[in-house]
């Protein structure tokens, strides 16, 4: 469970006067295992304990989860009287080396810079069109095909699927956490509780669906989808071919594995939301886009069960777009329609695109 050779190398580096390092397992519990470390020098033997967490369940499924637990331990053990001291947090790297990551107060992610135009721009432009253009159709089909492709990669891990459902409802970045950021007076607590309780019922219904676990993006909303610049290219036969449906993605979030409906609803909720903002109902190119995306995705993926599991994920995304903190210019009338949509979708067994305006009413 631990890389003893790499750990010895780290300890000999940290304790330059060490002549011998012994490692032996102390025992295992529900969450992980403990190991006794003895560092022998010419004058003394120093003893330490190293802890490792199991990598499945209890919210420890990803390496970042386990790092978060240990970093919190390092920060807080010293703040409680009579508590054992934490010395450092160690990380094993891909080359087998072990290094310290402890002591940080903030952490930062360095990424590549990309060029393009986010899909929110396209959604705004749909308000000025009578129907989808050829380029609009191509972009929607491109996104549907992409999701169907990544979702085709499956994994058998019941705990990860259950975690996705649990996180969607109760995580600080998801439904309950987003509700907790609502400005006072936006929505009565009792109405929030109705939605939360309906989601809990859906959690019980979805727990038997763990065979649906698949690779996901995790935050496939328009701001994270950047389409590359439209260009006219010459094909091999000399004709001009148009491009503009290729995109790059940002901010993959909340784990690599989950429910396909999470990605699908992250995007399609914005067709509903955008149409409500401009028209007060779902119609025109927004309704056309909603139909097309579901039709294309189901056709390519063969996922005939998608509409039967989408409800709690639509609820999370509905709570996001109705949040005044994120969208302060949205009217209360539009917010009320979104809350109606969320409750009504949660109260049905299957989401139907044809009924979208019934859900809003």
Self-check item: For the range 164-313, fraction of C-alpha pairs farther apart than 24 Å, in %
Solution: 46
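Can you pull the Kirkwood radius for the range 232-352, inverse mean 1/r over Cα pairs, to one decimal in Å? Please list the in-between numbers first.
Numbers: mean 1/r = 0.0613 Å⁻¹.
Hydrodynamic radius (Kirkwood, Cα pairs) of the range 232-352 is 16.3 Å.
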Practice problem: Quick one: give the max-minus-min coordinate of the C-alpha atoms of the chain along each principal axis, largest first, in Å. | Solution: 84, 62, 37
Exercise. Counting residues in the range 248-293 as N, plug N into 2.2 N^0.38 Å and put the Cα Rg over that result.
Key: 1.36
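Tell me the mean residue ellipticity at 222 nm calculated for the chain from its helices only (DSSP H runs of n ≥ 4, each -39500 (n - 2.57), averaged over every residue, nearest 500). Don't jump to the answer; show the numbers that get you there.
Numbers: 13 runs with 160 residues, N = 361.
Taken over the chain, the calculation gives -14000 deg cm²/dmol.
Run through every distinct alpha carbon pair of the range 74-182 and return the Kirkwood hydrodynamic radius in angstroms, one decimal place. All intermediate terms of the calculation are to be shown ahead of the outcome.
Numbers: mean 1/r = 0.0494 Å⁻¹.
Value: 20.2 Å, from the Cα pair sum.
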Quiz item: Helix 134-151 versus the longest principal axis of the chain: what angle, 0 to 90°, nearest 10, using Cα atoms?
Solution: 30
Quiz item: Measuring from centroid to centroid over Cα atoms, what is the spacing of the range 23-95 and the range 331-354 in Å?
Solution: 46
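Could you grab the Rg to Rh ratio for the range 99-244? Cα atoms only, Kirkwood for Rh. Don't skip to the answer; put the middle values down first.
Working: Rg = 21.1 Å, Rh = 19.8 Å.
Reported Rg/Rh (Cα atoms, Kirkwood Rh): 1.06.
How much of the pair distance distribution for the range 145-231 lies past 20 Å, counting alpha-carbon pairs only, in percent? Write down the numbers at each step before the final one.
Numbers: 1928 of 3741 pairs.
Here the long-distance tail beyond 20 Å is 52 percent of all Cα pairs in the range 145-231.
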Self-check item: Cut-off 19 Å, label 7 Å out along Cα→Cβ of residue 156, residues of the range 198-228 by amide N
Solution: 207-215
Exercise. Could you give log10 I(q)/I(0) at q = 0.15, 0.17, 0.18 Å⁻¹ for the range 299-361, computed by the Debye formula over C-alpha point scatterers of equal weight, without solvent?
Key: -0.49, -0.60, -0.66
Practice problem: Would you mind telling me which residue in 291, 217, 151 has the biggest mean-square fluctuation in a Gaussian network model of the chain, where springs connect alpha carbons within a distance under 10 angstrom? | Solution: 291
Exercise. Report relative contact order for the chain in percent, whole number only (criteria: Cα-Cα under 8 Å, sequence separation at least 6).
Key: 15
Quiz item: Nearest 10 degrees, 0 to 90: what angle lies between the long axis of helix 311-321 and the longest principal axis of the chain (Cα atoms)?
Solution: 90
Self-check item: Gaussian network model of the chain, Cα within-10 Å springs - most flexible of 325, 109, 250
Solution: 109
Practice problem: Would you mind telling me which residue in 345, 194, 178 has the biggest mean-square fluctuation in a Gaussian network model of the chain, where springs connect alpha carbons within a distance under 10 angstrom? | Solution: 194
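Write down Rg/Rh for the range 182-229, rounded to two decimals, with Rg from the C-alpha atoms and Rh from the Kirkwood relation over Cα pairs.
Details: Rg = 16.8 Å, Rh = 14.5 Å.
The Rg/Rh ratio comes out at 1.16.
Calculate the all-directions average of the projected area of the range 4-100's alpha-carbon convex hull, and give it in nm².
So the mean shadow area of the Cα hull is 7.2 nm².
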Quiz item: How do 326, 227 rank when sorted from fewest to most other Cβ atoms within 10 Å of their own Cβ?
Solution: 326, 227
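Neighbour counts of other C-beta atoms within 10 Å: give me 275, 97 arranged from fewest to most. The partial results should precede the final answer.
Values: 275 25, 97 13.
Fewest-to-most ranking of 275, 97: 97, 275.
Sort 120, 316 by Cβ crowding within 10 Å, fewest neighbours at the top.
Details: 120 15, 316 25.
With the fewest neighbours first, 120, 316 line up as 120, 316.
Bear in mind that the values in this text are calculations on the coordinates, not laboratory data. The structure displayed is predicted, hence computed values, not measured ones. Backbone-built Cβ (ideal geometry, glycine too); neighbour counts: all protein chains shown.
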